[in-house]
1. Picking from A:Q27, A:Q17, which residue would you name as being closer than 28 Å to B:I238 by Cα, touching a Pro at 6+ places or on another chain (Cβ under 7 Å) and not assigned by TED's automatic domain parsing to the domain that holds A:V364?
2. Could you list, in sequence order, the residues of segment A:18-42 that are within 19 Å of A:F95 (Cβ to Cβ) and either surrounded by fewer than 18 Cβ atoms within 10 Å (Cβ to Cβ) or within 14 Å of another protein chain (Cβ to nearest Cβ) (or both)?
3. So in segment B:144-172, with the set limited to residues that are among the charged types (D, E, K, R) and touching a helix residue (DSSP H, G or I) at 6+ places or on another chain (Cβ under 8 Å), which one is farthest from B:Q107 (Cα to Cα)?
4. Considering only residues of segment B:135-178 that are among the aromatic types (F, W, Y) and closer than 25 Å to B:Q227 by Cα, which is nearest to the other protein chains (Cβ to nearest Cβ)?
5. Residue check: is A:K45 within 13 Å of another protein chain (Cβ to nearest Cβ) and either in a loop (DSSP other than H, G, I, E, B) or surrounded by fewer than 18 Cβ atoms within 10 Å (Cβ to Cβ) (or both)?
6. May I ask you to list the residues in segment B:82-91 that are touching a residue at least 12 places away in the same chain (Cβ under 8 Å) and either surrounded by fewer than 20 Cβ atoms within 10 Å (Cβ to Cβ) or farther than 15 Å from B:L181 by Cα (or both)?
7. Within segment A:259-278, track down each residue that is within 16 Å of the chain's Cα centre (by Cα) and within 20 Å of B:P194 (Cα to Cα).
8. Kindly indicate whether A:D168 is charged (D, E, K, R), in the same structural domain as A:V309 (by TED's automatic domain parsing) and more than 21 Å from the chain's Cα centre (by Cα).
Amino acid sequence: MSAIQTITMPKWGLSMQEGKVNGWLKQVGDAVEQGQEIVEVESEKIAGAVEAGATGVLRRQLANEEDVLPVGGLLGVIADASVSDADIDAFVADFLSNFKPAEGAEEDQGPTTQKIEVNGHKLRYLKRGDSGKSGEPMLLIHGFGGDLNNWLFNHEALAADREVYALDLPGHGESTKDVGEGNLAALADTVAAFLDAVGVTSAHLVGHSMGGAVSLTVALRHPEKVRSLSLIGSAGLGSEINTGYIQGFVSAANRNALKPLLADLFADSSLVTRQLVDDLLKYKRLEGVGQALSTLSGNLFADGRQNSVMADQLAALGKPVLVIWGEEDRIIPVAHAHAVSGKVQVEVLGNRGHMVQMEAANDVNRAIARFVG
Amino acid sequence: MARKITYQQAINEALDQEMARDQNVIVMGEDVAGGSGAPGEQDAWGGVLGVTRGLYAKHPGRVIDTPISESGYVGAAIGAACCGMRPVAELMFVDFLGVCFDQIFNQAAKFRYMFGGKAETPVVIRAMYGAGFRAAAQHSQCLYNIFTHIPGLKVVVPSNPYDAKGLLIQSIRDNDPVIFLEHKALYTMEGEVPEELYTVPFGEAAVVREGHDVTIVAFGRMVLKAQEAAADLQKQGIHCEIIDPRTTSPLDTDTILESVEKTGRLVVVDESHPRCSMASDIAGLVAEQAFDSLKAPIRQVTGFHAPVPFSDALEELYIPSAAKIVAAVKSVKEYK
């Protein structure tokens, strides 16, 4: 193994082909530890930090603030202080002469989403990882108004030693916009049927927000399908919820109405890029989405509160439970993190908001990986 | 990843899905059925460049081939719209709309106003526009500005497949006359387009690229030229913001003004002739309403005050190029 480690432009989500450097958090000559955030990077959709892959000294910064690099492009180099400058220069020259950015969409860009028919309706999902690996399968379930791209910072990392599925719930993403009864039971039954359809007998469920309440409901209605529950900023654990956000999201018809709402999702509202707002507007303008969201919000969050609180039933299930929350969550209060009794691990992350799996992706990924073992 | 189709397929799909949804939607124009009555209806060409291909077989009786008389069938479409249909009249080249100005300017555009709000005219007039096809001076013009001038008309200039489908569906559902203009050089452009129906509202600009140095407002095909220029300028350390208004009437002035308030510099790229153009319109708007924000004179990159030439070399020279946009952006960036 080389004593010289690269820091390269990450690939966040299937469509990312290049990213912009927003700024360095470490300077040349600084000692860095594996897992420390080194440089801030922004894709069209989202901003985040790249971590050091190894412990050592940051020896080179090969991109300046505002530079745009293709995915895989060299941002910096970490090496031991003992490695000579000449060796590092040679390594960089070698990397740059051999580096070819991935070609456009025509080329194989790795995994792509698939569609599957479940109970007569199409569901879109993305599978990463290998069923031959040792870990048990995992399913990621997004929240209200979200889709499988909410896991863009998590999916690949979690799939290091298992197959991991992420799906679009009915009414969301590119799945059917027919939500049927439009309640948690209907969504949970669809998730159970999805697992059957892709041939997974039981899985670790990871649910965010409304997806957490869906995961809980799957565990209650189909306990044999659930190995464990990881609930992130989850619904279903208490009655309070920011209904201003829910109602605003359902009714927002343009960018100016939507953008301030989305700022509530993150502790750092600068993470709401124009592309994120535009993507959500495109989703909201699809035929059937307005109806689906009204039906779901009417059933789940009527009268300014969550209509389904399942915290008390969790202990009786006997499933391992991990609860993760952003301390600054402005959608569902962090107090709900402590509402669960029984065999529960709780991780509360400071300075993070409702989309904690995006804002603190590395922490969330590590917590889930440790938890499922 | 979402499915990719071309601009031309996006228009065809919007027509097909709206015809399936609403029996009042009809398509009429010269050769739009294509080979009707003969074997091979399923695959008949459908329109001069095949945009309406396949619609005749799927929606029998609602794709109407008309005589070569634009003034006749555009008038008929407007009349049918007043009586409850939702016609989409195809006019091949926008250059030919000249013979229908009375129907469009004095009738369709005025009915709602002159009948005291009691009449609606939900007609869509589709036409190709733009240079670059060696189609000579009578088939290459860029005339959205002329329709934009007339109150009562809505004018749509999509620059990509996603917008083409969503804006055409919005045009068909809109209760006012809409001039829907398709740049012929964009027909083969591919992009991600949802399979479902969706609409893109009028008067909402798209911010195609964000940047803080110079605002570029561009229309239709010029959005692509602006993107090409911006990618080049990025390498030179100049960060452009590109705004695609998507509709010239109504016009999203807020997005343009907010951007110029941020950058202080404006370049407008418009394939039309320069006089009384969208370029001069937006330059006037910004000069009047955001003067205090401007750090440099506004620059317009347009065609020439001359007919579009037929000669290859001259036509290429006529069309605003990425290089001309780069030069204009640099001149406002470096202005002291």
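The values are calculated or read from the model by the stated rules, or taken from the named source; none is laboratory data. Since the structure is predicted, the reported quantities are computational estimates derived from the model, not experimental observations. Glycine gets a Cβ as well: all are built from the backbone with ideal geometry, and neighbour counts include every protein chain shown.
1. Numbers: A:Q27 fails: touching a Pro at 6+ places or on another chain (Cβ under 7 Å).
The match here is A:Q17.
2. Passing the criteria: A:E18, A:G19, A:V21, A:V28.
3. Narrowing segment B:144-172 to residues among the charged types (D, E, K, R): B:154, B:163, B:165.
With touching a helix residue (DSSP H, G or I) at 6+ places or on another chain (Cβ under 8 Å) added as a condition, the list becomes B:154, B:165.
Values: B:K154: 14, B:K165: 27 Å.
My answer is B:K165.
4. Our first condition is that a residue be among the aromatic types (F, W, Y); within segment B:135-178, this holds for B:144, B:147, B:162.
Checking the rest, the ones that are also closer than 25 Å to B:Q227 by Cα come to B:144, B:162.
Values: B:Y144: 23, B:Y162: 8 Å.
Of everything passing the filter in segment B:135-178, B:Y162 is nearest to the other protein chains (Cβ to nearest Cβ).
5. Taking the combined requirement at face value, the residue satisfies it.
6. Within segment B:82-91, B:C82, B:G84, B:M85, B:R86, B:P87 qualify.
7. A:L276 - this is the single residue of segment A:259-278 that is within 16 Å of the chain's Cα centre (by Cα) and within 20 Å of B:P194 (Cα to Cα).
8. Here the answer is no, as A:D168 does not meet what is asked.
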